[in-house]
Amino acid sequence: MSAVVQARAASGAQVPLLADASATRCIAWRDGRAVDVAGFLADVGAIAAQLPAGSHLVNLCEDRYAFLVTFCAAASRGQVNLLAGSRAPAAILELLDAHPGSVAASEAPIAGVPTPVIAPLGANARGCAPPPLDAAQVAAIGFTSGSTGTPKAHAKTWGMFGASCAANLGALRACLPTGVEAHIVATVPAQHMYGIELSVLPPLFGAFAVHSGRPLLPADVAAALAQVPAPRILVTTPVHLRALLRSAVALPPLAAIVSATAPLEPALAAAAEAHCGAVLLEMFGSTETCVIAQRRTAHGEDWRVHEAVSLHPQPDGTLVEAPWFAAPVVLPDLVELLPQRRFRLCGRQADFVDIAGKRASLADLTRRVLALPGVVDAAVLQLDEPDAAGVRRVAALVVAPGRSEAELLAELRQCIDPAFLPRPLRKVASLPRNETGKLPRARLVALLGVRP
């Protein structure tokens, strides 16, 4: 990452909406057709004129290109994009109520929500580029759940996004032929911070174009990839990677795969690289920090922290600093620092389970369950309520067609200490994953049928 990018990120310098505003450069693929920069800027201008007045905009567009256009249109008006974690009407209304003066917009009506519908894109008269943006201007606010369950807001300025994207796109370019434009297909939602960074912002900061869809099923992913030219990049999650490999669907040639949102097993990373013939990069970050590190998981467990980011281990986690942060951020992840800007993740304090004087990691227990033959998905957690002996037991939910609970427990006894054997272990048809593949604890507890 250049010193110029760092300086812009940390100051109030003016930055263009597009790093490369060449009128004929492809910025997106929509309905099988390329959208060039000129068409994109025309759409941004048209949508900016349509958006209702308000300090904040809840951008509910599901079409990735429509989200990108609305995101930039809001920024050109000085509005802040609020990233809704759910499209449930009640959740959207709560977000609007929590930010007085905010409004919402979508490309389609949402029942129960006062949502202006943006006009069709792609048929707007060519217009001028919007004025430069202030690097200190807040572009978006993402949310995480605090310990009380109340969402905590995390603001991201254009300078922060620019600095993070410089590092992300630099890692991707290392996988690509020199000087060519790459085309991104993503299975993650645009409203998620990972989705923003890797599947919405790249066309603004480099020679990248994005596919407007969000394919989920393996056949749909293959079809979307076939709609864009090489070199292709697939931005996805471990859940979708497992589904792709199980389906054995043939994919067009890929230059790179990007994974995040959940830990990626090295065996899955290696299998994905072999199946797709592409480099797989796993990204590490958070809503609080954006992406701060990456690794090629099939080749080793060590992470390489992005330039200018510094990590400081603490007893309860890791302090993260970067020139573009408003203040240092403490993450719950425990790390071991290594030479050459590398580090190793050692889990989280909340991930460790102590039973009968013994200690285990829930992540490692989950990995062992997933390794059992026939298991396609699994989640391991520690129960809140102690049993009759006063012990908070480990429990597991497992998706394993064709296997019985007794068979799975018998095999786990061969590789897990008896203190950590899941009690109960329940077979389910599927796990209640959200849009990014994460598992809300309350829903897991409900599936287990125990008191939360």
*Close pairs (6 angstrom Cβ cut-off, 6 or more residues apart or separate chains): of a type in the set (S, T, N, Q) in segment 118-136, at pLDDT 75 or above anywhere*: ASN124/ALA42; ASN124/ASP43; ASN124/ALA46
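Does ARG214 fit the bill of being more than 30 Å from TRP324 (Cα to Cα), open to solvent by 20 Å² or more (accessible area, probe 1.4 Å), touching a residue at least 60 places away in the same chain (Cβ under 8 Å) and in contact with a strand residue (DSSP E or B) (Cβ under 8 Å, 6 or more places away or on another chain)?
So ARG214 passes the test.
Going through segment 48-72 one residue at a time, which ones are touching a residue at least 24 places away in the same chain (Cβ under 8 Å) and more than 14 Å from VAL103 (Cα to Cα)?
Result: GLU62, ASP63, ARG64, TYR65, ALA66, PHE67, LEU68, VAL69, CYS72.
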*Quick one: would you say VAL335 is touching a Leu at 6+ places or on another chain (Cβ under 9 Å) and open to solvent by less than 60 Å² (accessible area, probe 1.4 Å)?*
yes
*What is the residue count in segment 108-135 for residues that are under 27 Å from the mean Cα position of the chain (by Cα), open to solvent by 60 Å² or more (accessible area, probe 1.4 Å) and at pLDDT 80 or above?*
2
*Report, by residue number, each residue of segment 217-240 that is within 13 Å of HIS183 (Cα to Cα), of a type in the set (Gly, Ala, Ser) and open to solvent by less than 40 Å² (accessible area, probe 1.4 Å).*
ALA224
*Failed criterion for THR261 (all others in (1) open to solvent by less than 20 Å² (accessible area, probe 1.4 Å); (2) assigned to a loop (DSSP other than H, G, I, E, B); (3) of a type in the set (S, T, N, Q) hold)*: (1)
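Please go through segment 58-75 and pick out each residue that is of a type in the set (Ser, Thr, Tyr) and either touching a Phe, Trp or Tyr at 6+ places or on another chain (Cβ under 9 Å) or surrounded by fewer than 20 Cβ atoms within 10 Å (Cβ to Cβ) (or both).
Within segment 58-75, TYR65 is the sole residue that qualifies.
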_Residues that are modelled with pLDDT under 90: list the helices (runs of 4 or more DSSP H) wholly contained in segment 1-100 that include at least 1 such residues._
3-10, 37-50, 89-98
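Select, from CYS290, CYS276, the only residue that is hydrophobic (A, V, I, L, M, F, W, C), on the phi > 0 side of the Ramachandran plot and buried (at least 19 other Cβ atoms within 10 Å of the Cβ).
Within the list CYS290, CYS276, the selection yields CYS290.
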*Take the residues of segment 422-432 that are in contact with a Lys or Arg (Cβ under 9 Å, 6 or more places away or on another chain) and in a loop (DSSP other than H, G, I, E, B): which is nearest to SER361 (Cα to Cα)?*
PRO422
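Looking at ALA388, is it open to solvent by 40 Å² or more (accessible area, probe 1.4 Å), closer than 20 Å to LEU268 by Cα, out of contact with any Asp or Glu (no Cβ under 8 Å at 6 or more places or on another chain) and at pLDDT below 90?
Answer is no for this residue.
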*How about segment 399-421: which of its residues are aromatic (Phe, Trp, Tyr) and not in a helix (DSSP H, G or I)?*
none
_Restricting to segment 241-258, give me the number of residues that are surrounded by fewer than 16 Cβ atoms within 10 Å (Cβ to Cβ), modelled with pLDDT of 90 or more and part of a loop (DSSP other than H, G, I, E, B)._
2
*Sort out which residues of segment 310-325 are farther than 17 Å from PHE352 by Cα, of a type outside the set (D, E, K, R) and without any contact (Cβ under 8 Å) to a residue 24 or more places away in the chain, and write them in order of number.*
SER310, HIS312, LEU319
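Looking only at segment 379-398, filter to residues that are in a loop (DSSP other than H, G, I, E, B) and in contact (Cβ under 8 Å) with a residue 40 or more places away in the chain; which one of those is nearest to PRO238 (Cα to Cα)?
Ranking the candidates gives LEU383 first.
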*Could you tell me which numbered condition ALA270 fails, if it satisfies all but one of (1) more than 20 Å from ARG173 (Cβ to Cβ); (2) open to solvent by 60 Å² or more (accessible area, probe 1.4 Å); (3) modelled with pLDDT of 95 or more?*
(2)
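The values are calculated or read from the model by the stated rules, or taken from the named source; none is laboratory data. None of the values given here were measured: they were computed from a predicted structure. Reconstructed Cβ throughout: ideal geometry from the backbone, glycine too, with neighbour counts over all protein chains shown. The accessibility values were calculated without ligands, DNA or RNA, using every heavy atom of the protein model including side chains. Shrake-Rupley method; radii C 1.70, N 1.55, O 1.52, S 1.80 Å.
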